[in-house]
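The values are calculated or read from the model by the stated rules, or taken from the named source; none is laboratory data. Since the structure is predicted, the reported quantities are computational estimates derived from the model, not experimental observations. Counting neighbours? That spans all protein chains shown, and the Cβs are built from the backbone with ideal geometry, glycine included.
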Amino acid sequence: MLALLGAALSLPADDSFSIADVRAAANLPPAKHHKNAPAPSAGKGKGKAEPMLVNYIMELATVRPAPEGGLGSTHLILAFIEPLTETIPGSDDDEWLSMSMLEWRDASEEERDTLRRTLGRDGKPVKIMASIGGSRARHDKAKWPDWDPVEMGNRAAQYVLDLGLDGIDIDLEGWSKWAAGREVMKQKWIIDERGPSFMKKLTLAIREKFDAASPNERLIISHAPQIPDFHKDKTYTSLLSDRKFWDATDFFNLQFYNQFSFPTNEHIFNLDIYPPNVDGVVDTPTCFESIINMTVNQTKSAGGWLTYKDVAAKLLLGFPCIGGSMMIDGYNHQECDAAKAAAVVTTGVKMGYPLAGVFEWSARPPSVMPEMLATWNTEIRAAIEGNPIKHKMKLRADGSEQEQGGESGGGCKAVDATVTTDWCVTTCTPIYCPENLCSAECKPEDPALLRQQAAAKA
């Protein structure tokens, strides 16, 4: 998962794709997709699945100590198992472990149990998974050897089993890219045809190993496709409509960030950026509805075994918490502004879209700390459930609205009562100070000095 604005579409730096192309695409007339598609339903009432709140974790400092009442997550995904070597590591070789995965490896059983118990919601333990891949392990890089997918899947699964985790997230990117010198509208792609076969064999190998090792409790498999990976000729279009792959995978974290500029919130849910082809079909889906309908239509030749709701129930909306780029209606969702992200979710809920959950990429200190993630999860959960949290608003000097930060006075104040003053002091910087969490006086003049002062106090 790439967290840099300059890496739109997660392409290598020497690729011809540019942000200008993205902006140009966003100015195209939106086209509503598939008039005959069944209307989505929010599915309220008894039996409705609990919203999924998924947090990717770069460092465990982001989630501990747990805030009072828990973090509110349903799943934590530790980054990364990174396949960066020339050969697949042996059974006792931890060479692929990095970042929070190394921290988890070194944590005691007591520490691991504490994390599980304290980071969920209402006393329900959180599921903790590993993510294999990431932007540094993209398949189009020459350093990725021609590995056997079954062997790779078995090794990835063994890491999870050895470390006592609850599952794995597969974030293997770069199976295709834009052709050099392409025109945006002509959709010229360089496709790695190995992608669907490799990913299917890898996933099924993991599932087989998981089920053999844990016959009584299903271990989780998720995938993290980028939105362009649903182009009609690309990897995930065929994968989602493959029954064995579908049954083996529990959910999909759709990376809506670092991709396109979306004109409105509605474009996330049922409006495509690109118009349909001459047959009236959208070849390049950029919204939930088009991805779902494309998947459902792919199964019609096999009896139509998937419904709209079936697919929607496994698709999560991805935001960048800190860093990255997710432009919607001129606003860049890149500062973990929970209220703004929740407003996007609320749009979909009001439209009747049955959103299964939300994930954020990525939680890393000191920009993101436990209280901030707790606020994020609370805001998003409330929005998914149709009861968005209302915020008091006040006017800035320029007349625009900002969230009420409480009474003015000495020291930094948190807007949200669950966020401590200490957190605000140690986290907010002139560049990073989300208005839904910190009042204006939380912005220090010298963030480096502030960190030194905080360290001295500790």
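The residue list Gly120, Gly134 contains one member that is in the same structural domain as Leu202 (by TED's automatic domain parsing) and within 19 Å of Glu371 (Cα to Cα), which is Gly120. The set of residues from the range 62-95 being assigned to a loop (DSSP other than H, G, I, E, B), over 16 Å from Asp171 (Cα atoms) and under 24 Å from the mean Cα position of the chain (by Cα) comprises Val63, Arg64, Pro65, Ala66, Pro67, Gly69, Gly70, Leu71, Gly72, Ser73, Thr74. Please tell me if Met326 is among the aliphatic types (A, V, I, L, M) and over 16 Å from the mean Cα position of the chain (by Cα). In short, no.
Of all residues in the range 249-272, those satisfying the criterion of being in a loop (DSSP other than H, G, I, E, B) and farther than 26 Å from Gly134 by Cβ are Pro263, Thr264, Asn265, Asn270. For the range 319-362, name all the residues that are touching a residue at least 60 places away in the same chain (Cβ under 8 Å) and charged (D, E, K, R). Residues satisfying the conditions are Asp329, Glu335, Asp337, Lys340, Glu360. For Asp310, all conditions in the list (1) modelled with pLDDT of 95 or more; (2) crowded, with 16+ Cβ neighbours inside 10 Å hold save one; what is the number of the exception? So the condition that Asp310 fails would be (2).
Only helices (runs of 4 or more DSSP H) whose full extent lies in the range 96-183 are considered here, and none of them has at least 3 residues that are surrounded by 21 or more Cβ atoms within 10 Å (Cβ to Cβ) and either modelled with pLDDT under 95 or under 19 Å from the mean Cα position of the chain (by Cα) (or both).
Filtered by the rule that a residue be over 29 Å from Phe262 (Cβ atoms) and either at pLDDT 90 or above or in contact with a Cys (Cβ under 7 Å, 6 or more places away or on another chain) (or both), the range 29-60 gives Glu59, Leu60.
For the range 202-231, the set of residues classified as closer than 18 Å to Pro149 by Cβ and in contact with a Lys or Arg (Cβ under 8 Å, 6 or more places away or on another chain) consists of Leu204, Phe210, Asp211, Ile221, listed by residue number. Somewhere in the range 278-300, is a residue assigned to a loop (DSSP other than H, G, I, E, B), touching a strand residue (DSSP E or B) at 6+ places or on another chain (Cβ under 7 Å) and more than 28 Å from Ala130 (Cα to Cα)? Yes - at least one qualifying residue is present in the range 278-300.
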